[in-house]
1. Give me a comma-separated list of calculated 3J(HN,Hα) values for segment 190-200, in order, Karplus coefficients 6.51, -1.76, 1.60 applied at θ = phi - 60°, integers in Hz, x for any Gly or Pro.
2. Collect residues whose amide H, placed 1.01 Å from N in the peptide plane, falls under 5 Å from the amide H of residue 119; neighbours closer than 5 in sequence don't count.
3. Amide H neighbours of residue 314 under 5 Å, counting only residues 5+ apart in sequence or on other chains, H built in-plane at 1.01 Å?
4. Which of the pairs 78/171; 267/308; 154/390; 73/171 have their Cα atoms more than 25 Å apart in this structure?
5. Among DSSP bridges having both ends in the chain, what percentage is antiparallel? Round to the nearest 5.
6. Charges on Cβ only, +1 for Lys and Arg, -1 for Asp and Glu, centred on the Cα centroid of the chain; of 346, 213, 191, which one is farthest towards the dipole's positive end?
7. What is the dipole size for segment 2-172, taken about its Cα centre, with +1 at each Lys and Arg Cβ and -1 at each Asp and Glu Cβ, in debye to the nearest 20?
8. Where the centroid of each part is defined by its Cα atoms, how far is segment 382-413 from segment 138-194 in Å?
Amino acid sequence: MKAEIIAVGTELLLGQIVNTNARDLASGLSDCGVIVYYQTVVGDNPGRLKQAIADAYERVDLVILTGGLGPTKDDLTKEIVAEYFGKKLVLDQPSLDRIQGYFDRMGREMNETNKKQAYMPEGCIILENNCGTAPGLIVEEGGKIAILLPGPPKEMNPMFEEKVKPWLSGKTGSTIKSRTLKMTDIGESNMAAEVSDLMEGENPTVAPYAKEGESELRITAMAKTEEEADGLIEPVAKEIYARLGEYIYGEDDTTLVEALVKKLIEKKITISTAESCTGGLIASEITSVAGSSEIFGSGYVTYANSAKMKMLGVKDKTLADHGAVSEQTAKEMAEGARAASGADIAVSVTGIAGPGGGTPEKPVGLVYMALADDKGTIVKKLNLDGSRDKVRRRTVKYVFKMVMQRIDEKGDNK
């Protein structure tokens, strides 16, 4: 089944809110065996909404609309859909009772305009809203389906999960399932070249994606059940692991820092951080992961040279001869953090995040990162581009990749 998502709301067009509904719906629809072919955003304008719906049904048979189900005059999604299908709006007393009950529970008086939300296209399937006042609905006529959901995500998501997904799954009799293999230290083009033959398959399909500092391969299969889809995906995943396993750090929603913390915990390796240009971002990322207290005891944000000397033991001569942004300073920062914290591994970063402060010899984006452990200290130089925030965040990912590599090199030994 092919679908189009239409998000209704002028605030979406103006960029005042982010359209997370389209993302969540696209992901959830695939679980039901529905393929989203198009996504549209249209403002609260009846003429343009009519045209968007008519255009959508020229392309697909299933249209999911979010927003425009409220009590005000500019909430017209239901009215426009009813007009498209040639259906009258009639009062649904159970819906009105539920809306009244919602206001009673909130200790508020129901406004007369809220009764508008209880008028439904005749013959539609009504979807109860347990998190707000606007019911959703499904209209099915002449081989075309319209599913109307409220705009607020806190109302839309539960309604979709509890009401729409079971209904759609019964219609399609199939499911679409994906498994994403996440990698570091290999670019998208090189990754794709290694599995080009697998990318020619039709079911399952294999598609490459590039993210900042990472690459992904998504394996997607369509089948009658999730178990059958897993059966199609598994042999392809095994083949990818055989070819690219050294680069794969996790799957699906696993982040690089989560994979790193998990590995540190499993191997009982503690870590400390010494940060200058990243200002504590590395420590913040690590401690955002539940259980990180097992492997992270302390971190040092040493922005000023005086702090580098006092807290990490960086030599005044090192700073004078080589500067704060140098291989030598990064090395002493990492070694100082390891000595001060007693951690098995310590990492450090020092650099020029910008937008100012760069010179021809040391341009903006120059970063040195170091790792100290019982085998010695390694230092790596980065030349990054982009905004201040991008340089800082890319540095964090490079540090995590460096630690992952070091742990893999060490094997089972600390």
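Read the figures in this text as sums done on the coordinates, not as results from a lab. Computed from a prediction, not measured in an experiment: that's the story for all the values here. Cβ sites come from the backbone with ideal geometry, for glycine too, and all protein chains shown count toward neighbours.
1. Per residue, the Karplus-derived 3J(HN,Hα) values read 5, 4, 5, 4, 6, 10, 4, 5, 6, 6, 8 Hz.
2. 92
3. 309
4. Values: 78/171 23 Å; 267/308 30 Å; 154/390 31 Å; 73/171 34 Å.
With Cα atoms farther than 25 Å apart: 267/308; 154/390; 73/171.
5. If I count the DSSP bridges inside the chain, around 65 percent turn out antiparallel.
6. Value: 346.
7. Computed charge dipole of segment 2-172: roughly 100 debye.
8. About 33 Å separates the Cα centre of segment 382-413 from the one of segment 138-194.
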